[in-house]
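Here is the structure we will look at, set down as structure tokens.
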Amino acid sequence: MTRGSIFKLFAYAVVAGAITTAVAVFIPWLPTAATRQADRMWFSIWFAEIIAIVVFAVVAAALIYCVVEFRVKPGDTSDGPPTHGHTMLEIIWTAIPTVIVIAITIVAAIVIHDNGKAGTNPLVIKVVTQQFTYQFEYPNGKTFNILRLPKDRNVKLDLSSKDVIHSFWVPAFGQKTDAVPGITTSIVITPTRTGYYPIICTQLCGLGHALMRSEAIVLESTEYDSWYASAGEAPAAAAGGTDGKSVYTAAGCGACHVFTAGGSAGTIGSSLDNLSVDAAKAGEELNDFIRSSITDPDTFLAPGYAKGVMPSTYKSSISGAQLDSLVQYLAENTK
Ligand code: CUA
């Protein structure tokens, strides 16, 4: 190879590498990492990314060089010169990918191992999923439908499901874990940035799957401590208390139902705005009608709605007092 052709190859590689690097760097492919675990994952992604950019630049340079230099000349109909394998070249192009794959594997294994470590005193929060809602149970026994986390503390989420497979994913936290009926899965999170982050269910879990969303709020540890202390005494503050509206929100009714007073516009289930009319049609007294529609949803089906869509788990997942206030809340705010 002449010095000129080496220079050309090098120039093609620099141009291809620069374009690919620009695409990788200037388009925000990843959300800003908000946990220590996400930092590690982003590192492993960039580690593989940089290797990929270098490999792409080398391959693209060789390809462009060959296309430009060895293009057939006009009028040349002869065969090309015969070639056969080059043992040293084949050893090199087997050895380099082997080293690359092993290196990526080692980095990924270390990241996965470190991300699973909860430390000695993690904050353990139970995450109970069901169609189509999340419940977060804290060590003091209080349950909320929004996840509040303290910054810079190891948090271990123990996930379970009451019905089908759901999942827990916060893009900025990096990791994603399924909640599987019958077993407990877990995920360790160490938040590093305060703020609001969406929680998304990523397993197709039924008609309301697309609406199965919640929110994680990362607070400074002092703010978290005061929230935790006051939340313990004022159960109705966020959700999971016994006032009807909180139960409505915590149980996730709004994900599936239109209910003007509750500010919800879900379209999976029937509207809750005209329950008196529905009760009359069913020949039931309003409160009884609402109660049985929650505990045994298939008893009175609104026209056009199928059996088995609304979970029949509410009779066990909502306490007696919560059910009473939910029934009362709906009866008072419907037409
Ligand atoms: Cu739960 Cu999708």
Q | Options Ala38, Trp227, Val247, ranked by Cα towards positive dipole end of the chain, top entry (Cβ charges) | A | Ala38
(Q) Quick check: the angle from helix 36-69's long axis to the longest principal axis of the chain, C-alpha only, nearest 10 degrees? (A) 40
Q.
I need the shape label for segment 106-185. Rule: rounded when a/c is under 1.5, else prolate if a/b > b/c, else oblate, with a, b, c from the alpha carbon gyration tensor.
A. oblate
Q) Using Cα atoms only, what is the angle between the long axis of helix 87-115 and the major principal axis of the chain, expressed in degrees (0 to 90) to the nearest 10? A) 20
Q: For the chain, just say rounded, prolate or oblate: build the C-alpha gyration tensor, square-root its eigenvalues into a ≥ b ≥ c, call rounded for a/c under 1.5, and beyond that prolate if a/b exceeds b/c, oblate if not.
A: prolate
Q: Can you tell me which of 58-69, 74-85, 144-155 comes out highest on packing, and rank the rest after it, using the mean Cβ neighbours within 10 Å?
A: 144-155, 58-69, 74-85
(Q) Distance between the C-alpha centers of segment 73-116 and segment 200-222? Whole Å please. (A) 42
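Could you state the accessible area per residue of segment 238-333 in Å², with a 1.4 Å probe and every protein chain left in place?
Working: 4480 Å² over 96 residues.
That works out to 47 Å² per residue.
Tell me the carbon and sulfur percent of the accessible area for the chain, rounded to whole percent, probe radius 1.4 Å.
Values: 11950 of 18640 Å².
Result for the chain: 64 percent of the exposed heavy-atom area is carbon or sulfur.
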Q. Relative contact order of segment 238-333: what whole-number percent is it, with Cα pairs under 8 angstrom and at least 6 residues apart?
A. 30
**Q.** Rounded, prolate or oblate (a/c below 1.5 giving rounded, otherwise prolate when a/b exceeds b/c) for segment 238-333 by Cα gyration tensor
**A.** rounded
(Q) What do you get for the angle between helix 286-295 and the principal long axis of the chain? Use alpha-carbon atoms, 0 to 90 degrees, nearest ten. (A) 40
Q.
For Cα pairs less than 8 Å apart in space and 6+ apart in sequence, what is the mean separation divided by the residue count of the chain, i.e. the relative contact order in percent?
A. 13
Q: Grab the DSSP H runs of the chain that are 4 residues or longer, score each as -39,500 (n - 2.57), total them, divide by all residues and round the 222 nm result to the nearest 500 deg cm²/dmol.
A: -14000 deg cm²/dmol
Q | In range of the label at Tyr305: residues from segment 131-172 whose backbone nitrogen is under 15 Å from the point 7 Å along Cα→Cβ | A | 132
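Using 1/(1 + (r/R0)^6) with R0 = 30 angstrom and r between the beta carbons of Leu63 and Ile110, what's the FRET efficiency to the nearest 0.05?
Working: r = 34 Å, r/R0 = 1.14.
Efficiency, from the Cβ-Cβ distance: 0.30.
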**Q.** Heavy atoms of Glu332: accessible area, 1.4 Å probe, square angstrom to 10
**A.** 130
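With Kirkwood's inverse mean 1/r over C-alpha pairs for Rh, give me the Rg to Rh ratio of segment 1-128, two decimals please. Walk me through the intermediate numbers first.
Values: Rg = 22.3 Å, Rh = 18.9 Å.
My calculation of the ratio gives 1.18.
The values are calculated or read from the model by the stated rules, or taken from the named source; none is laboratory data. Predicted model only: the values in this text are computed from it and were never measured. Heads up, the Cβs are rebuilt from the backbone with ideal geometry, glycines too, and the neighbour counts pull from every protein chain shown. With ligands, DNA and RNA removed, areas are computed over all heavy atoms of the protein, side chains included. Shrake-Rupley method; radii C 1.70, N 1.55, O 1.52, S 1.80 Å.
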